[in-house]
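The values are calculated or read from the model by the stated rules, or taken from the named source; none is laboratory data. Here the structure is a predicted model, which means the values were calculated and not measured. Every residue, glycine as well, gets a Cβ built from its backbone with ideal geometry; the counts of neighbours run over all protein chains shown. Side chains are part of the model used for accessible areas, which takes the heavy atoms of the whole protein and leaves out ligands, DNA and RNA. Shrake-Rupley method; radii C 1.70, N 1.55, O 1.52, S 1.80 Å.
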2 protein chains.
Amino acid sequence: MKIAEIAPPWFAVPPTGYGGIELVVALLADGLADRGHDVTLFASGGSQTRAKLVSPLLDPPDPALLGNPWFDAYHAVSSYRTIGHDFDVVHDHSGIAGSAIGALQRGNPPVVHTLHGPWTELTRRYYGLIHDDVHLVAISEAQRADNPDVNYAGVVHNGIHLDDYPFRAEKDDFLIYIGRANPDKGPTIAIEVARRAGLPLAMVVKKNEPFERAYWDEIVAPLLNDEVEVYEAISHEQKADLLSRARAMVFPIQWPEPFGLVMAEAMACGTPVVACPAGAAVELVENGVTGYLRDGVDDLVDAVASVGNCSPAACRERVEEHFSAEAMVTGYERLFAKVIDRR
Amino acid sequence: MKIAEIAPPWFAVPPTGYGGIELVVALLADGLADRGHDVTLFASGGSQTRAKLVSPLLDPPDPALLGNPWFDAYHAVSSYRTIGHDFDVVHDHSGIAGSAIGALQRGNPPVVHTLHGPWTELTRRYYGLIHDDVHLVAISEAQRADNPDVNYAGVVHNGIHLDDYPFRAEKDDFLIYIGRANPDKGPTIAIEVARRAGLPLAMVVKKNEPFERAYWDEIVAPLLNDEVEVYEAISHEQKADLLSRARAMVFPIQWPEPFGLVMAEAMACGTPVVACPAGAAVELVENGVTGYLRDGVDDLVDAVASVGNCSPAACRERVEEHFSAEAMVTGYERLFAKVIDRR
């Protein structure tokens with residue numbers, strides 16, 4: 001298949017730091033190319049890929065301009081103009097302008113658009129307009145269930161590159177939390193759960209945006225104690241080391257997050273996940289096998305006491321089967337073939 | 001000609017209050033329809049037009065969401081999907097998504113895109129990408145000259161409906177300023193010029209956005225005196241009455257504004273304009289005939305003393321000839337014919 005993968009323009013692919021969508025797109029472009037497809041990746045300059053690379057923007061925009069619609073439109077127009085009618089399928093992750101142009105391609109070529117964000121009043125209205133013009137893909141059953149009013153071409157879970165996550169069966173006595181400093185992610189609950197479980201907590205946090213900084217300083221920081229170690233902007237190797245040694249990940253998610261890649265990362269390292277049953281957490285974690293799904297601090301503390309019952313090998317296997325780059329590439333390969341066939 | 005006019009989605013057309021672009025689009029759709037063209041206007045619900053009306057959004061968005069890219073994309077996708085290939089020409093005023101989709105229409109139908117905003121680093125880059133795919137129209141020679149690096153299909157000045165502006169040759173002893181509370185518009189200079197000219201000043205201001213309010217409260221308000229009367233959110237009739245009675249408009253513009261409709265409104269009422277020579281002011285005002293172009297408070301005060309030399313009739317004639325709805329409709333009619341011919 002001749003495939004165009006359009007990344008967002010904001011970071012090089014793969015990202016060196018923040019950039020979950022870019023990470024997924026990088027694995028997908030490489031994985032599809034490795035399987036012999038003719039793949040062109042449209043991504044900002046500095047990207048590395050085993051696909052052909054076309055960079056509408058020579059450099060990613062200044063991070064202060066993340067989301068700026070002029071860059072969004074520049075990247076999308078340039079990508080689609082290069083694509084023309086000369087591809088079997090376009091896979092668009094790029095943003096609003098990309099989906100708008102894609103919706104007007106009238107199926108020539110067909111456009112597959114992965115929904116990376118949550119459902120809001122505005123996105124429901126917009127995708128309700130274009131759902132017959134582009135092939136929408138949900139990244140979880142939870143995301144799909146949260147909006148039954150649009151048509152989906154399918155669900156393909158995000159995947160990670162397992163080789164980047166060292167498996168470790170023997171655990172040290174601490175818990176790990178990874179997430180933005182935002183009440184949606186429940187960092188204060190994680191601190192309370194660790195304290196009551198009597199275990200140290202490693203917190204890997206992102207708190208560089210104004211709201212995140214304010215929430216951290218005013219709400220989270222006063223709850224810190226000697227048993228909490230905070231990490232910011234650490235390398236992938238440091239993160240993987242912490243993940244593989246932790247007894248469990250605490251993921252007290254407070255909103256219906258459409259995926260949650262860090263749960264897959266933890267399980268890949270053989271580390272069970274104690275999560276609240278919101279959003280895609282119920283799909284990622286197999287309750288009682290690769291972690292626990294519990295609401296409220298009491299039940300989360302109980303679950304932490306039981307994580308010894310979860311087999312590290314079962315955690316790893318769950319990711320291999322459902323949330324690996326290979327599984328994701330296979331999922332999109334089948335979906336593209338179906339879309340092209342139907343044409 | 002079968003013409004699609006795409007308005008922005010933010011206000012009904014014509015606007016009842018703020019909305020300069022919507023006012024121009026309203027006159028254009030009506031004017032083209034009156035000349036026998038088959039015109040469809042794509043504008044939010046509640047719009048009034050003598051063209052056919054199609055409203056992708058049943059109501060304009062909440063004003064707090066002005067510029068929101070999801071609405072921008074919804075309106076543009078819906079408009080272009082309805083347009084299909086079934087029009088001779090599309091005239092797009094709608095925003096970023098509209099121009100992005102327009103750029104990918106590959107001339108079927110051709111898309112004319114009027115540049116309503118100023119040149120910035122981001123708009124230069126973006127329009128530099130699409131200038132061969134859409135037919136760009138500048139609203140002044142000044143705007144065109146400010147960016148010689150893109151191709152233009154032409155320049156068409158904005159126009160006003162002259163019947164809405166009462167001509168009055170006898171003037172009262174006061175000056176008028178109309179503009180947002182923003183240093184770009186020079187309200188503090190206007191106050192100083194009026195004070196030194198020994199004339200009262202009527203200020204019609206917009207100051208509802210946070211920056212405008214802060215600038216007004218902190219910088220402008222302390223300069224007010226008994227000779228300054230401030231008006232906010234007045235009716236068109238009140239504004240036209242003030243404009244027609246004023247001895248002159250003071251327009252001490254401090255940035256290269258691409259047009260400046262209030263100068264045309266003043267002259268239509270027979271009121272000369274004393275402006276700084278920036279942006280389109282040098283095209284709107286005929287120096288020494290319909291007002292004066294002067295820099296600095298001293299020279300602006302001198303100019304106010306000389307406005308008696310400017311004939312109210314000459315002011316009105318200048319608008320009739322160059323900045324009337326009729327002149328604008330003729331300008332676009334010719335430009336559309338040229339674009340369709342070339343195809």
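Being within 19 Å of A:ASP184 (Cα to Cα) and without any contact (Cβ under 8 Å) to a residue 60 or more places away in the chain, is that true of even one residue in the stretch A:262-269?
Our first condition is that a residue be within 19 Å of A:ASP184 (Cα to Cα); within the stretch A:262-269, this holds for A:262-264.
If we keep only those that are without any contact (Cβ under 8 Å) to a residue 60 or more places away in the chain as well, we get A:263.
The answer is yes; a qualifying residue exists.
For residues that are touching a residue at least 24 places away in the same chain (Cβ under 8 Å) and open to solvent by 70 Å² or more (accessible area, probe 1.4 Å), tally how many sit in the stretch B:54-68.
Here is the first cut: in the stretch B:54-68, the residues touching a residue at least 24 places away in the same chain (Cβ under 8 Å) are B:54, B:56-57, B:60-61, B:63, B:66-67.
From what's left, open to solvent by 70 Å² or more (accessible area, probe 1.4 Å): B:63, B:66.
Number of matching residues: 2.
Restricting to the stretch A:69-86, name every residue that is open to solvent by 30 Å² or more (accessible area, probe 1.4 Å) and at the interface with chain B (Cβ under 7 Å from one of its Cβ atoms).
Initial filter on the stretch A:69-86 (open to solvent by 30 Å² or more (accessible area, probe 1.4 Å)): A:69-70, A:74, A:81-82, A:85-86.
Selection gives A:PRO69, A:TRP70, A:TYR74, A:ARG81.
Could you check the stretch A:236-309 for helices (runs of 4 or more DSSP H) lying wholly inside it with 2 or more residues that are surrounded by fewer than 20 Cβ atoms within 10 Å (Cβ to Cβ)? Show your work before the answer.
Numbers: elements: A:236-245, A:261-268, A:281-284, A:297-306.
Output list reads A:236-245, A:281-284, A:297-306.
Looking at this structure, is B:ALA51 hydrophobic (A, V, I, L, M, F, W, C), in contact with a Gly (Cβ under 6 Å, 6 or more places away or on another chain), buried (at least 23 other Cβ atoms within 10 Å of the Cβ) and touching a residue at least 40 places away in the same chain (Cβ under 8 Å)?
Working: hydrophobic (A, V, I, L, M, F, W, C): yes; in contact with a Gly (Cβ under 6 Å, 6 or more places away or on another chain): no; buried (at least 23 other Cβ atoms within 10 Å of the Cβ): yes; touching a residue at least 40 places away in the same chain (Cβ under 8 Å): yes.
No; evaluated as a whole, the condition is false for this residue.
Taking B:PRO222 and the conditions (1) touching a Phe, Trp or Tyr at 6+ places or on another chain (Cβ under 9 Å); (2) more than 23 Å from B:PRO14 (Cα to Cα); (3) not charged (D, E, K, R), which numbered condition does it fall short on, given that it satisfies the others?
(1) is the only condition that B:PRO222 fails.
I need every pair where a residue in the stretch A:104-119 that is among the polar types (S, T, N, Q) has its Cβ under 6 Å from the Cβ of a residue that is part of a strand (DSSP E or B) and at pLDDT 95 or above, sequence separation at least 6 or different chains.
A:GLN105/A:VAL111; A:THR114/A:VAL137
Are any residues in the stretch A:56-77 under 16 Å from B:GLY102 (Cα atoms) and touching a strand residue (DSSP E or B) at 6+ places or on another chain (Cβ under 8 Å), and if so, which ones?
Residues satisfying the conditions are A:HIS75, A:ALA76.
Give the residues of the stretch B:327-343 that are of a type outside the set (A, V, I, L, M) and surrounded by fewer than 15 Cβ atoms within 10 Å (Cβ to Cβ), sorted by residue number.
B:ARG334, B:LYS338, B:ASP341, B:ARG342, B:ARG343 - these are the residues of the stretch B:327-343 that are of a type outside the set (A, V, I, L, M) and surrounded by fewer than 15 Cβ atoms within 10 Å (Cβ to Cβ).
Restricting attention to the stretch A:55-67, does a residue exist that is of a type outside the set (Asp, Glu), within 9 Å of chain B (Cβ to nearest Cβ) and over 12 Å from A:PRO8 (Cβ atoms)?
Taking every residue of the stretch A:55-67 in turn, at least one turns out to be of a type outside the set (Asp, Glu), within 9 Å of chain B (Cβ to nearest Cβ) and over 12 Å from A:PRO8 (Cβ atoms).
Return yes when B:ARG125 is farther than 20 Å from B:GLY20 by Cβ, open to solvent by 10 Å² or more (accessible area, probe 1.4 Å) and either touching a residue at least 40 places away in the same chain (Cβ under 8 Å) or among the aromatic types (Phe, Trp, Tyr) (or both) and no when it is not.
Values: farther than 20 Å from B:GLY20 by Cβ: yes; open to solvent by 10 Å² or more (accessible area, probe 1.4 Å): yes; either touching a residue at least 40 places away in the same chain (Cβ under 8 Å) or among the aromatic types (Phe, Trp, Tyr) (or both): no.
No, not satisfied.
Among the candidates A:VAL193, A:VAL205, which residue alone is more than 20 Å from the chain's Cα centre (by Cα), buried (at least 20 other Cβ atoms within 10 Å of the Cβ) and not in a loop (DSSP other than H, G, I, E, B)? Quick ask: steps written out before the conclusion?
Numbers: A:VAL205 fails: more than 20 Å from the chain's Cα centre (by Cα).
Being more than 20 Å from the chain's Cα centre (by Cα), buried (at least 20 other Cβ atoms within 10 Å of the Cβ) and not in a loop (DSSP other than H, G, I, E, B) holds for just one of A:VAL193, A:VAL205, which is A:VAL193.
So A:ASP149 clears everything in (1) away from chain B (no Cβ under 14 Å); (2) assigned to a helix (DSSP H, G or I); (3) over 22 Å from the mean Cα position of the chain (by Cα) except one condition, right? Which one?
Against the list (1) away from chain B (no Cβ under 14 Å); (2) assigned to a helix (DSSP H, G or I); (3) over 22 Å from the mean Cα position of the chain (by Cα), A:ASP149 comes up short only on (2).
Give me the pairs: first residue in the stretch A:154-171 and closer than 22 Å to A:ALA138 by Cβ, second residue part of a loop (DSSP other than H, G, I, E, B) and open to solvent by 20 Å² or more (accessible area, probe 1.4 Å), beta-carbon distance under 8 Å, and six or more apart or on different chains, which are they?
none
Any idea how many residues of the stretch A:208-231 are assigned to a helix (DSSP H, G or I) and within 27 Å of A:PRO63 (Cβ to Cβ)? Walk me through it before giving the result.
The first filter runs over the stretch A:208-231 and keeps only residues assigned to a helix (DSSP H, G or I), leaving A:210-223.
Now narrow it down to the ones that are within 27 Å of A:PRO63 (Cβ to Cβ): A:210-221.
Qualifying residue count, the stretch A:208-231: 12.
Which residue pairs have Cβ atoms closer than 8 Å, lie 6 or more positions apart in sequence or on different chains, and pair a first residue in the stretch B:314-326 that is without any contact (Cβ under 8 Å) to a residue 40 or more places away in the chain and open to solvent by less than 90 Å² (accessible area, probe 1.4 Å) with a second residue that is among the polar types (S, T, N, Q) and not in a helix (DSSP H, G or I)?
B:ALA314/B:THR290
Which condition number does B:ASP72 fail, the rest of (1) in contact with a His (Cβ under 7 Å, 6 or more places away or on another chain); (2) in contact (Cβ under 8 Å) with a residue 60 or more places away in the chain being met?
The failed condition is (1).
Give the stretch A:107-141 a look and list any residue that's within 13 Å of chain B (Cβ to nearest Cβ), aliphatic (A, V, I, L, M) and assigned to a loop (DSSP other than H, G, I, E, B), or say none.
Of everything in the stretch A:107-141, just one residue is within 13 Å of chain B (Cβ to nearest Cβ), aliphatic (A, V, I, L, M) and assigned to a loop (DSSP other than H, G, I, E, B), namely A:VAL134.
State the number of residues belonging to the stretch A:87-97 that are among the aliphatic types (A, V, I, L, M) and at the interface with chain B (Cβ under 10 Å from one of its Cβ atoms).
Within the stretch A:87-97, the first condition is being among the aliphatic types (A, V, I, L, M), and the residues that meet it are A:89-90, A:96-97.
Right, trim to at the interface with chain B (Cβ under 10 Å from one of its Cβ atoms) and you get A:96-97.
Residues flagged as among the aliphatic types (A, V, I, L, M) and at the interface with chain B (Cβ under 10 Å from one of its Cβ atoms) within the stretch A:87-97 amount to 2.
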